[in-house]
Each structure stands twice: as C-alpha cells, then as structure tokens.
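Here the structure comes first, spelled out in structure tokens, and everything after it is commentary.
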Amino acid sequence: DLASDNYFQNPDAYYKDTIKASVDRKKLEQLFSKYRDQQENDKITVDGVMKFLEDLNLSPESILVLIIAWKCKAAVQCEFSKDEFTMGFVELGADSIEKLKTKLPTLELEIKDQNKFKDFYHFT
C-alpha cells in the first residue's frame, strides 16, 4: 500500500527520466536557433520570445508564459539563455512546438500542487 501510495502521489519520480531521454537534442538546437537573437547567438531575446509565444498561440499575458519561464528557470524576464531554454524543454519532455503545445494543459495543473506553487511563486 505504501509503495502504491508513493507512486500515485509522486508520479514524476517514476517517469521523468524516460521523458528526458525521449527529447531529441538536435531538434532542440534547431528550435533554439529559430528564436535566438542574431547579435547575441546564445540568447533568445524579446523578439524571439514574442515569435515563440506566437508559434505557441499564447498571449504574453497568459499565466502559461510565466510557467514556461519558471520551468526554464529563466533568470531574466523576456529572455532565455541557450542553457535555460534547452534544460527547460528537457524538463518539459518536449523538443518541438507541437510537443510543447500538448503539454500546455497540464502545466497549469502543476502549480495546483502546494509545493510547486510555492516554488513558482518565489520564481515570479
């Protein structure tokens, strides 16, 4: 009983590595390149972020934008470093806009968890 309770209360602990392994890093590199700043090659700046949000069909005011930034551990508002973008997508188990779109409905549910909400709140 204890083992099954733990499984259902912490499902991430049991499938997260599988998700991370399924991310194609080459596709992530191409995705980052699509949005990166032309002058600062190791960053996605405001223009790239706006294009990224447009491709996701998200309004800049959407809470999902903050959740994505939180998942990427973005240090600067409206900007992603290459590492932040890559690690965030690995964390999300996505290597394309299409895959990320399928994850969006569950992202908002994630912050309903009290511990994750605290982390999210401190991030924002």
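A few notes on this one:
- Translational diffusion of the range 39-80, estimated by Stokes-Einstein from the Kirkwood radius over alpha carbon pairs at 10 °C in a medium of 1.306 mPa s, is 151 µm² per second.
- Net +/- balance of residues flanking K43 in space, Cβ distance below 14 Å, scoring K and R +1, D and E -1: -3
- About the centre of its Cα atoms, the range 36-76 shows a dipole size close to 200 debye [charges on the beta carbon of Lys, Arg (+1) and Asp, Glu (-1) only; nearest 20 debye].
Taken together, the values in this text are just the output of simple stated rules run on the coordinates, not laboratory data. Since the model is a prediction, treat every value here as computed from it, not as a measurement. Heads up, the Cβs are rebuilt from the backbone with ideal geometry, glycines too, and the neighbour counts pull from every protein chain shown.
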